[in-house]
Amino acid sequence: MNRTYELMFIVRPDMVDEELTKLISTLESSVTSASGTTKSEVWGKRRLAYRVGKFNDGIFVLMLIEATGAAVHEVERRLRVTEPVIKFLTVRTDEELKRLDKIKKLRDSKKKASAQPAAAAPAPVTPATVEASAETPASAPVS
């Protein structure tokens, strides 16, 4: 069963672009060989929140993966043994996307219900209208 994952990994800041492209293509090919799909974005060099090893900066890469858990496990294994990779994190996002779609549908249905014109409702009964109707007899003309 294919699920949706976000895989963020950080590589050394001194890594050459050709090597980074080769690493990304290797990871993508391992996913596609397991009948999955992937999309990659290189976010570029950014400052890390805290020092990791001896690095203060890193090159961030985001991969959106739609594959089985075994394919993602293989990608994580490859990242563990790849020396230029400083950190990585994989998050399963398909359940969150389902939850957000459900909330969106619920909000849309509420908008449709509130957008429909309301039927002509009788005026609300207030104490002032009750007193006024009690003071005027039914046969007397209203001025």
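The values are calculated or read from the model by the stated rules, or taken from the named source; none is laboratory data. Here the structure is a predicted model, which is why all the values come from computation and not from measurement. Cβ placement follows ideal geometry from the backbone for every residue including glycine, while neighbour counts extend to all protein chains displayed. To get the accessible areas, we keep the full protein, side chains included, count just its heavy atoms, and leave off ligands, DNA and RNA. Shrake-Rupley method; radii C 1.70, N 1.55, O 1.52, S 1.80 Å.
Every condition in (1) touching an Asp or Glu at 6+ places or on another chain (Cβ under 8 Å); (2) touching a residue at least 40 places away in the same chain (Cβ under 8 Å) holds for residue 1 except the one numbered (1).
Results for (1) touching an Asp or Glu at 6+ places or on another chain (Cβ under 6 Å); (2) at pLDDT below 90, shown as yes or no for each residue.
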{"site": "11", "(1), (2)": "no, no"}
{"site": "47", "(1), (2)": "yes, no"}
{"site": "53", "(1), (2)": "no, yes"}
{"site": "61", "(1), (2)": "no, no"}
{"site": "76", "(1), (2)": "no, no"}
{"site": "81", "(1), (2)": "no, no"}
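Would a scan of the range 22-39 turn up a residue that is touching a Leu at 6+ places or on another chain (Cβ under 8 Å), at pLDDT 90 or above and surrounded by fewer than 16 Cβ atoms within 10 Å (Cβ to Cβ)? There is at least one residue in the range 22-39 that is touching a Leu at 6+ places or on another chain (Cβ under 8 Å), at pLDDT 90 or above and surrounded by fewer than 16 Cβ atoms within 10 Å (Cβ to Cβ). Within the range 46-81, being over 11 Å from residue 12 (Cα atoms), in contact (Cβ under 8 Å) with a residue 40 or more places away in the chain, open to solvent by 30 Å² or more (accessible area, probe 1.4 Å) and not in a helix (DSSP H, G or I) holds for 64, 66, 68. In the range 5-38, which residue that is in contact with a helix residue (DSSP H, G or I) (Cβ under 9 Å, 6 or more places away or on another chain) and part of a strand (DSSP E or B) is farthest from residue 71 (Cα to Cα)? Step by step, filter the range 5-38, then rank; the result is 11.
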